[in-house]
């Protein structure tokens with residue numbers, strides 16, 4: 001047993017002092033290239049990307065962060081593929097036949113690869129055209145959620161239930177971005193036909209202005225919610241439309257707070273939000 005251990009040590013020590021040291025050096029160098037490459041990519045993108053005059057500073061940063069993430073991940077994949085081949089060679093594997101086999105497999109899978117190429121090309125244009133970025137809220141082909149990740153091949157969304165959607169770029173036909181540049185509060189509220197509309201308008205505008213001036217909310221509201229128009233004469237209510245502008249992706253929480261405040265102030269002012277009503281006429285016999 002001792003002879004076997006001694007023989008193993010005698011065989012492994014020379015290998016570790018030559019190939020083992022080389023592999024360790026390769027891994028360390030690759031790690032530092034990856035780290036420095038990420039820093040380099042970040043500096044280059046932040047310097048070369050021309051700011052869009054129509055984008056806010058936060059939106060512009062989200063755009064740059066998305067590009068940095070994509071190029072950094074692509075660089076990491078390329079580095080570690082090369083490192084993996086070098087390590088295999090140092091371990092005694094002939095990578096020539098491996099590369100040849102990979103080339104043959106690539107030809108065999110070339111027909112299926114057209115879908116991958118389609119995904120990558122579509123992803124490139126999505127990124128360059130700045131259609132959406134990481135942390136935007138979007139709807140893609142009927143699936144909506146927060147953009148958690150974007151690669152050249154696919155986009156990853158997560159909805160409010162926590163469900164994750166992986167969508168290949170080549171399958172994207174329609175995108176709705178609900179968090180680009182700015183967002184809007186767009187509410188329809190019904191009030192009783194007996195209500196004084198001038199009073200309703202005054203209460204709505206006052207409530208919207210107070211919300212926009214609240215220290216907790218003013219950073220999320222760019223234009224105070226206000227009465228826009230009488231939108232419809234419903235079966236049991238006059239429907240009024242309220243419109244306001246918010247920071248990107250803040251429309252839902254602002255709308256929720258506005259609904260709460262309007263209900264409270266309507267109750268105080270005696271303004272009724274009516275339930276659906278139906279009048280039945282009974283024929284006399």
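Read-outs: derived from the displayed coordinates by stated rules, not from any lab. Source: prediction; values computed, not measured. Cβ sites come from the backbone with ideal geometry, for glycine too, and all protein chains shown count toward neighbours.
Overview of values
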read-out: Residue exposure sequence - 169, 226, 199 - by fewest surrounding Cβ within 10 Å; value: 199, 226, 169
read-out: Relative packing of 131-139, 188-196, which averages over residues the other C-beta atoms within 10 Å, highest first; value: 131-139, 188-196
read-out: Sorted by Cβ density within 10 Å, fewest first, the residues 165, 31; value: 31, 165
read-out: Distance between modelled label sites at residue 28 and residue 259, nm, 7 Å Cα→Cβ extension; value: 6.0 nm
read-out: Cα gyration tensor, the stretch 169-239 - rounded (a/c under 1.5), prolate or oblate; value: oblate
read-out: Percent RCO, i.e. relative contact order, over the stretch 191-257, from Cα pairs under 8 Å lying at least 6 residues apart; value: 30 percent
read-out: Spin-label pair residue 121/residue 206, simplified geometry with 7 Å Cα→Cβ offset, distance in nm; value: 6.2 nm
